[in-house]
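> Below: one structure in structure tokens.
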Amino acid sequence: MTTSFATSEKFWPLTFGERGVLVPFTTPMLAASRIRGPEIKKAEILVPGLSGGKGTYIIPWKSVPEMFKLTVHDRALHESICEAPDFSPRQIRIAALGTARLGLAGRDACAAARAHLQRDDSLQVTARFFLTLRVVERMATDGASLTLAELTSVAGQQKAHKILSSIAKTLGWDFDTLYDHLEVWSKTVAQIGLTEMPAEAPARRLINRLKPLGEHFAEWRKGETEDQMDSSADAQLAADFCRETWRLATEYATDIDLTVKQPAESLRNWDGTIRSAEKVVHKLLWILDGWEQVVKLWDQTAGRPREEQRSALRDVIRHLPIVPRDELPATSQDTWSGLVNSLRKQIKPVSGEGAATIGIDFDHMLRLEKLKGAPL
Amino acid sequence: MTGAEENLADLEGKLFEIPEAKFVQLVGFLEKNLERGGDTTPLRLLLAKMRPRMVQVRPPRRNTVKRQFCRPFEELLYNTKSLVPVDGRIPRNAIDPIYKLFEEESDKTDLGAMELELSGMSVDDPLCDAIGSKIWAEAAVNLRSVMVRSQRDSLSKRDLIDKLKGEHIYKALGDVVDILEIADIVQSMRKQLPPRPIQTLSTGVIKIIGEHMDKAIRFAPKKAETLLLVAMGCLEKPWEIMEALEKLALEQKKSIDPTLSALAVRALVTGAEQRLETMRLDLEGGDYKPDSETLARQIADLAKTMLGAKSAVQSSGQGKGLDRQLDRARKSLRDMVTVNILNGADQSIVSNLLLSDAGAFVTGGAGIGSWDLPPDEQKLREAEQRAVALRLCARYAEELGLGGEAEEKLSVLQGQLTSLTTNMIESMHGRFLSTKQRNSAEANLYASVRLVELLAGPDVANDLRLKGVEALEA
């Protein structure tokens, strides 16, 4: 196999496809790498800050196991991604959870992966219950009502069937059509979650955490002295990325919430509703891709010595997910252009790289594994 | 596990599902109830479970008189079950009895008014410093007078010790009062210093410490010692204080005299001994017993501190007594590594693999024929932690005089595990396995591969993984 690679300093991709998806490797050298490509044969991996350079290395995905000494987890993850139908955030997440579930990144990561996979199912059920209650609350014509507790009993489900049937009639549908639509709708929105849902979906929690995280970076920056210009600038940049991403993600998430707040209108315009919901969810998953790693990287340093926090901040900078130019509304492009330029200047190579190219930095590997087991 | 602990066992994960605003409300509510007194054990257990998310959410902590009272000596607080006092440190369990004493000696109306003023006020508010200053001054006077009264005769002293529940708390009371008497100076120093723990003892940091020591001796000559101990508490590497003292002496600072270096090295040595003692008590059982990975990290940290303390003792020329104390501590630490990390390693790693159902896969192994269970989660976790601990301990083994032993242990275990896993894979070949058995075999395979990787690195482990997967698929 040929192992060609190129470097690029072009930091502002046009589309999410060009930016790629973060692959949660546990090999320190590849910690902030992203995969992109239309199909496996043409897939590439983008590795920032390799070999002490500021540019991003672009390496054929298939060559990764030959070019790097990988942890066993990463060798298994690489194989699993090779079999994925596409390289979307969703597919990479499924591959990552499937690999961590084997226990190759430690027991905490294994337990967390199992819990995530289980929770994905339970979130769909929660979203369906929530949507059903909302539809009944807003659309029942004869003042009929339903509670969450009722939905879990057989009698309650019969009652729900009756109420939904009469609602379906008002839409010119039968019960099965309404039920199927609710099923599809809940499956779509469950990936992001809804503001008022009793259980918070991971994506929604991630959005909610971005704002306070940004404020925390800004607050942390105040503690830096004048001789710590670099980390002060890093903290500012991280804060700005958090704020702008939060702003963008919140706009999209609000769109999803709004359609659920007016279920009658949304159901009457079903084709438009579901198309738009799928589009928004898809976009949000791409926007949020990589942020879980950033949030956890910083969480890990809570209460740790300042120098450790500075080092983690350098890691955070390497991980900051860029929103591609064409994916942004025109009004945000100037702001993001500034952020992307600053990122290009501030990104630093992986520390201790010399050792990492020969072997694997054991402590760094354990830290990356801990990220997988850490709660969001 | 107590009943309350059992009920809380599954709570930690669920706490991450509560929306943030509700979580902040809940923390505020629990903290408020905590201050009402009575049996607070369930509340404390619950708050302990909530801590991981509190670290993320950082809900604003309630600003109280008690919190202000502790601010000047925050960096000196440490957790311990030991009753032996340590120079320059204040056990966290001393706060409650000492604060209670302060409350008894103070005007309740005054305290109530300050409590009201502080509630809802940010800790950064300048007004908060003014209230803090009032609290420290009042506490210093009131608590000093209690101490003076107690020193009139042995009976009074005994009464106070009984009231505080121990001589170590009585000693801590003295230290707290010493600090409270110069709390404004301490606070001024804390505010000027970089965030704690200070990583680098820069010229700027040394200057700030020196200036405040000069201010402290204006109050009383002995107060330079108090300030020095607070400054040491702020440093990541407290032994570097010797360098600061040398530089300040060269500048002929009037607060610097030779007794300070003696005090500093004594604090370093007793501090190291105390940490060793706390670790020993934890290992002997109690509320908190560290897992082997945590223990290995604690040992690494303490080994580094001891090296620092040793160089400080040598540079200060403070006699052989302290040197011998340190050597004794180093030997105890070495024994701790031998007993808790090296000696049990075979048992924890290899025997776990043999005795758990993975052993059943090995021809000639115990319990052949049992293909139905995945490895025991708890044993597996312990085995992984022990393997990580071994790798970590190999790094500082040389400093503790265990160089060869750690490496040899690693090498023997690598060999044993690799051979066991190879046998396991061979025994999988050509067998018909039900889905359940296949899942169990797969779980055991990956458990072994992971352990081999931790001990021997990814190349050997990955070979075993590939062979194992092939055997399972065949």
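The values are calculated or read from the model by the stated rules, or taken from the named source; none is laboratory data. Because the structure is predicted, anything quoted here is derived from the model rather than measured. All Cβ positions, even for glycine, are placed from backbone atoms using ideal geometry, and neighbour counts span all protein chains on display. Side chains included, ligands, DNA and RNA excluded: accessible areas come from the protein's heavy atoms. Shrake-Rupley method; radii C 1.70, N 1.55, O 1.52, S 1.80 Å.
> Any chance you could give the angle, 0 to 90 degrees and rounded to 10, that helix B:403-428 forms with the longest Cα principal axis of chain B?
It is inclined by approximately 40 degrees.
> Starting from a Cα-only point model with no solvent, please compute log10 I(q)/I(0) by Debye for the protein assembly as shown at q = 0.06, 0.10 1/Å.
Treating every Cα as an identical point scatterer, log10 I(q)/I(0) equals -0.50, -1.31.
> Just to check I understand the Karplus step: with θ = phi - 60° and J = 6.51 cos²θ - 1.76 cosθ + 1.60, what whole-Hz values come out for the range B:256-271, glycine and proline as x?
After applying 6.51 cos²θ - 1.76 cosθ + 1.60, I find 8, 9, x, 5, 5, 5, 4, 5, 4, 5, 5, 4, 5, 5, 5, x Hz.
> Then there is this: Can you pull the one-decimal nm distance between simple spin-label points at B:Ala220 and B:Glu398, each 7 Å off the Cα toward Cβ?
Simple spin-label model gives 4.8 nm for this pair.
> What average count of beta carbons from other chains do you get within 10 Å of the Cβ of residues in A:169-176?
Average neighbour count from other chains, rounded to a whole number: 0.
> Now for a different question. Excluding residues on the same chain fewer than 8 positions from B:Lys409, give the lysines whose Cα lies under 27 Å from its Cα.
A:Lys69, A:Lys370, B:Lys289, B:Lys304, B:Lys331, B:Lys379, B:Lys467
> Shifting gears a bit: In the range B:66-255, what is the volume of the convex hull around the alpha carbon atoms, normalised per residue and reported in Å³?
125
> Here's a follow-up. Which shape class applies to the range A:218-374: rounded if a/c is under 1.5, otherwise prolate when a/b exceeds b/c and oblate if not, where a ≥ b ≥ c are the square roots of the Cα gyration tensor eigenvalues?
prolate
> Sticking with this one: Between the range B:437-470 and the range B:150-186, what's the alpha-carbon centroid distance in Å?
Here the answer is 59 Å between Cα centres.
> I've got another one for you. Could you sort out which of A:Lys372/B:Lys22; B:Lys215/B:Lys237; B:Lys157/B:Lys215 sit more than 30 Å apart by Cα distance in this structure?
Beyond 30 Å between Cα atoms: B:Lys157/B:Lys215.
> Next question, about the same structure. Among rounded, prolate and oblate, which fits the range A:123-190 when a ≥ b ≥ c are the square roots of the eigenvalues of its C-alpha gyration tensor, a/c under 1.5 means rounded, and a/b larger than b/c means prolate?
Oblate, since a/c reaches 1.5 and b/c is not below a/b.
> Going by amide H atoms built from the backbone, whose H comes under 5 Å of the H on B:Tyr78, apart from near neighbours?
It is B:Ile90, B:Arg92, by chain and number.
> Now for a separate question. Rounded to the nearest angstrom and ordered from largest down, what semi-axes does the equivalent ellipsoid of chain B get from its C-alpha gyration tensor (root of 5λ)?
51, 30, 20
> Would you please put A:289-298, A:116-125, B:300-309, B:326-335 in order of how densely packed they are, using the mean number of other Cβ atoms within 10 angstrom per residue and starting with the highest?
Descending packing order for the listed peptides: A:289-298, B:300-309, B:326-335, A:116-125.
> Per residue, what accessible area does the range A:90-187 have, given a 1.4 Å probe and all protein chains present, in Å²?
49
> What net charge do the residues around A:Pro24 carry, taking every other residue with its C-beta under 9 Å from that of A:Pro24, with Lys and Arg at +1 and Asp and Glu at -1?
+1
> Here is a further query. What does DSSP give for the protein assembly as shown in terms of the percent of beta bridges that are antiparallel, rounded to the nearest 5?
Within the protein assembly as shown, antiparallel bridges account for around 80 percent of the total.
> Amide H of B:Leu235: which non-local residues (sequence gap of 5 or more, or other chain) have their own amide H closer than 5 Å, using H built in the peptide plane?
B:Ile198
> Rounded to two decimals, what is the ratio between the C-alpha radius of gyration of the range A:1-159 and 2.2 N^0.38 Å?
That ratio works out to 1.46.
> Just the Cα atoms of the range B:266-339: what Rg and Dmax do they give in Å?
When restricted to the Cα atoms of the range B:266-339, Rg and Dmax are 12.7, 40 Å.
> Which whole number gives the average count of other chain Cβ atoms within 10 Å of the Cβ atoms across peptide B:192-198?
3
> What FRET efficiency comes out for the pair B:Val339/B:Leu83, r = Cβ-Cβ distance, R0 = 22 Å, nearest 0.05?
The calculated FRET efficiency here is 0.40.
> On C-alpha positions alone, give me the angle between the axis of helix B:108-118 and the longest principal axis of chain B, in degrees, nearest 10.
60
> Can you give me the relative contact order of chain B as a percent, contacts being Cα pairs under 8 Å and 6 or more apart?
10
> Enumerate by residue number the GluC sites (Glu not before Pro) in the range B:247-292 meeting two conditions: DSSP loop (anything except H, G, I, E, B), and at most 12 other Cβ atoms within 10 Å of the site's Cβ.
B:Glu251, B:Glu284
> Stokes-Einstein diffusion coefficient for the range B:39-128 at 20 °C in a medium of 1.002 mPa s, Rh from the Kirkwood formula over Cα pairs: what value in µm²/s?
The Stokes-Einstein estimate is 139 µm²/s.
> Over the whole of B:453-460, what's the average partner chain Cβ count within 10 Å per residue? Rounded to a whole number, please.
Whole-number average of other-chain Cβ neighbours for B:453-460 is 4.
> Give me the compactness ratio for chain A, meaning the Cα radius of gyration over 2.2 N^0.38 Å.
Normalised by 2.2 N^0.38 Å, the Cα Rg of chain A equals 1.08.
> Could you compute the net charge surrounding B:Arg67? Neighbours are other residues with a C-beta less than 10 Å from the C-beta of B:Arg67; K and R count +1, D and E count -1.
Every neighbour counted, the sum reads +3.
> Next question, about the same structure. Counting C-alpha atoms alone, how compact is the range B:98-164: give Rg to one decimal and Dmax as a whole number, in angstrom.
For the range B:98-164, the Cα radius of gyration and maximum Cα-Cα distance read 14.7, 44 Å.
> So, one more: Just to confirm a number: summing +1 for Lys and Arg and -1 for Asp and Glu over residues other than B:Leu283 whose beta-carbon lies under 12 angstrom from that of B:Leu283, what do you get?
Here the charged neighbours net out to -2.
> Here is a follow-up. Calculate the spin-label point distance for A:Thr170 paired with A:Arg114, positioning each point 7 Å from the Cα along the beta-carbon direction, and give it in nanometres.
Reported label-point gap for A:Arg114 and A:Thr170 is 4.5 nm.
> For A:Ser337 and A:Asp230, what does the FRET efficiency come to when R0 = 22 Å and r is the distance between their Cβ atoms, rounded to the nearest 0.05?
0.50
> Here's a follow-up. Taking Cα atoms, how many degrees apart are the long axis of helix B:41-57 and the longest axis of chain B, rounded to 10 and kept between 0 and 90?
Relative to chain B, helix B:41-57 is tipped by roughly 80 degrees.
> For the range B:201-339, with all protein chains present and a 1.4 Å probe, just round the carbon and sulfur fraction of the accessible area to a whole percent.
Here carbon and sulfur together make up 52 percent of the probe-accessible area.
> Would you mind giving the total buried accessible surface between chains A and B, with a 1.4 Å probe and ligands, DNA and RNA left out, rounded to the nearest 100 Å²?
3200
> May I pose another question? How large is the accessible surface of A:Tyr179 in square angstrom, using a 1.4 angstrom probe and rounding to the nearest 10?
About 90 Å², ignoring ligands and nucleic acids.
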